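S.K.: Got a structure for you, written out below as structure tokens; questions coming shortly.
The values are calculated or read from the model by the stated rules, or taken from the named source; none is laboratory data. Just so we're clear, the structure is a prediction, and the values are computed from it rather than from any experiment. Please note: Cβ atoms are built from the backbone with ideal geometry, for glycine as well, and neighbour counts cover all protein chains shown.
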Amino acid sequence: MNGPGRRPQTTIFTLMSALAQRHGAVNLGQGFPDESGPAHIIEAAATAMREGHNQYPPLAGIPELRHAITTHQRHWYGLAPDPDDGVTVTAGATEALTAAILAFVDPGDEVIALEPSYDSYKAAVTMAGGTLVPVRLDTPEGAEGHWRLDPARLAAAVTDRTKLLLVNSPHNPTGTVLHRDELEAIAALATRRDLLVVTDEVYEHLVFDGREHVPLASLPGMWDRTVTIGSAGKTFSVTGWKIGWATGPAGLIARVKDVKQWLSFASGTPFQYGIAEALASGDGYYRDYIAGYQERRDLMVAGLEAIGFEVHEPEGTYFVTTSVAPFGYGDGMAFCLELPERCGVVAVPNQAFYLDQEARPEVRFAFCKPVDVLEEGLKRLREGLTG
Ligand code: PMP
Ligand code: GLN
């Protein structure tokens, strides 16, 4: 929900979480887990604090975390950013995105992003004086479909002023995980038109049904032109720690750091120790994490369908997009503004993720909540909408 000027307005997440509080509603809007991450990670941060790691970290992050990020990327994707000059730790993925956009985008430049797109992209591009050019994902045909990228539409959006492609997979809010052929089309276009790419992969470990997450930077020709953005918030259920990172070739990361020094400079020393520990988790942690979320995904999809929502089953992320048209709504915002009072539940309208902010029937529910909270949310929806 960003205004036309260079000053962003209140985000949809702040708005909806405030409504949740006011109505004592089950908050399935803003995407944060109710539960904290693993105890040993919390303990590692607490120990760091007790041991006196309470002053500024280096601008790029503590070496232990930079090495852990590199080791994690090598293990999962065969990528090896240099821990000294190919990694910078940031105040969440939000700062990494903003720093990268401010670093690469000059006034008058165009930035292409998949639409719907995460709300901070538009805000950061606007702050840089650039223009966000949305490329819509294809709307699914019926309940079975997913939002998919049309490579021809993407290619047609590139102009001489295009500086940057902003990609997000797994994708918030739709839950789409870009397939390899879609990623290859993006890579071919970026190479042909000599574009920089910023790829937001904060849900890298949240892909369901045996799908794989393929980092764009791992495709041929992409490493040198790509900044990859990650976050510990989702993977380790510590969104309030705000530890994210940008990785890539030294030349691009140097430019991100140049901007970052004027944003936060550095943040979260003890949390960085905690996340260094977290990234060393064995494969079993990630397997259990996916399995736990897949179970909740299935619960929400089935529950929402049973109530009468048209549900587009997510391939990844902890969000499920539905259409509220079956309840007579063409405007998801109106639905979401009424929902706390009507049902005691909060959701987020997908139109907040569109440049034109026009009324649309899609509404996003977050399922990063304990099963009993999801069941209570579903019960309230059933009673309020069909009772
Ligand atoms: N990108 C996407 C797609 C997100 O969904 C979010 C937050 N959920 C962020 C970036 C921001 O991440 P962080 O909380 O680490 O700043
Ligand atoms: N990324 C979270 C979401 O999509 C919200 C983060 C925030 O509140 N800025 O729900």
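S.K.: Of all helices (runs of 4 or more DSSP H) completely enclosed by the range 21-132, which ones contain at least 2 residues that are surrounded by 21 or more Cβ atoms within 10 Å (Cβ to Cβ) and more than 23 Å from the chain's Cα centre (by Cα)?
M.R.: Ranges flagged: 39-50.
S.K.: Every residue in the range 302-325 that is of a type in the set (Asp, Glu) and either over 24 Å from the mean Cα position of the chain (by Cα) or within 18 Å of Arg380 (Cα to Cα) (or both), please.
M.R.: Across the range 302-325, the qualifying residues are Glu305, Glu310.
S.K.: Given the criterion within 30 Å of Val373 (Cβ to Cβ), away from ligand 2 (no atom under 16 Å from the Cβ) and of a type outside the set (Val, Ile, Thr), identify the matching residue among His75, His23. Give the derivation first.
M.R.: Details: His75 fails: within 30 Å of Val373 (Cβ to Cβ).
After ruling out the rest, the residue left standing is His23.
S.K.: Still on this model: Out of the range 133-165, which residues are among the polar types (S, T, N, Q), assigned to a loop (DSSP other than H, G, I, E, B) and over 24 Å from Pro314 (Cα atoms)?
M.R.: Thr159
Each row is one residue, and each column tells you yes or no for (1) closer than 18 Å to Gln261 by Cα; (2) at pLDDT 90 or above; (3) in contact with a Lys or Arg (Cβ under 6 Å, 6 or more places away or on another chain).
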{"position": "Met1", "(1), (2), (3)": "no, no, no"}
{"position": "Thr14", "(1), (2), (3)": "no, yes, no"}
{"position": "Asn27", "(1), (2), (3)": "no, yes, no"}
{"position": "Gly31", "(1), (2), (3)": "no, yes, no"}
{"position": "Ile41", "(1), (2), (3)": "no, yes, no"}
{"position": "Met49", "(1), (2), (3)": "no, yes, no"}
{"position": "Gln55", "(1), (2), (3)": "yes, yes, no"}
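S.K.: If you don't mind, there's one more thing I want to ask. State which residue is farthest from Arg380 (Cα to Cα) when the search covers only the range 326-370 and only residues that are of a type in the set (D, E, K, R) and assigned to a loop (DSSP other than H, G, I, E, B).
M.R.: Here is the first cut: in the range 326-370, the ones of a type in the set (D, E, K, R) are 331, 338, 341-342, 356, 358, 360, 362, 364, 369.
When the remaining residues are screened for being assigned to a loop (DSSP other than H, G, I, E, B), the result is 331, 356, 358, 360, 369.
Numbers: Asp331: 21, Asp356: 31, Glu358: 28, Arg360: 23, Lys369: 15 Å.
Ranking the candidates gives Asp356 first.
S.K.: Looking at the range 260-279, which of its residues are under 30 Å from Leu219 (Cα atoms) and within 21 Å of the chain's Cα centre (by Cα)?
M.R.: Those that are under 30 Å from Leu219 (Cα atoms) and within 21 Å of the chain's Cα centre (by Cα): Lys260, Gln272, Ile275, Ala276, Ala278, Leu279.
S.K.: May I pose another question? Which of the following residues is within 12 Å of ligand 1 (Cβ to nearest atom) and among the acidic types (Asp, Glu): Glu182, Glu212, Glu204?
M.R.: Glu204
S.K.: Within the range 240-263, can you find the residues that are within 16 Å of ligand 1 (Cβ to nearest atom) and crowded, with 20+ Cβ neighbours inside 10 Å? I'd like the intermediate steps shown before the answer.
M.R.: Step one: list which residues in the range 240-263 are within 16 Å of ligand 1 (Cβ to nearest atom), which gives 240-247, 256, 259-260, 263.
Hits for the range 240-263 are Trp241, Ile243, Gly244, Trp245, Ala246, Thr247, Val256, Lys260.
S.K.: Let me ask something else about it. Does the range 177-192 include one or more residues that are within 16 Å of ligand 2 (Cβ to nearest atom) and either surrounded by fewer than 16 Cβ atoms within 10 Å (Cβ to Cβ) or not in a loop (DSSP other than H, G, I, E, B) (or both)?
M.R.: No: zero hits.
S.K.: Do we have Ala291 as in a helix (DSSP H, G or I) and assigned by TED's automatic domain parsing to the domain that holds Phe365 here?
M.R.: Values: in a helix (DSSP H, G or I): yes; assigned by TED's automatic domain parsing to the domain that holds Phe365: yes.
When the stated conditions are applied, Ala291 passes them.
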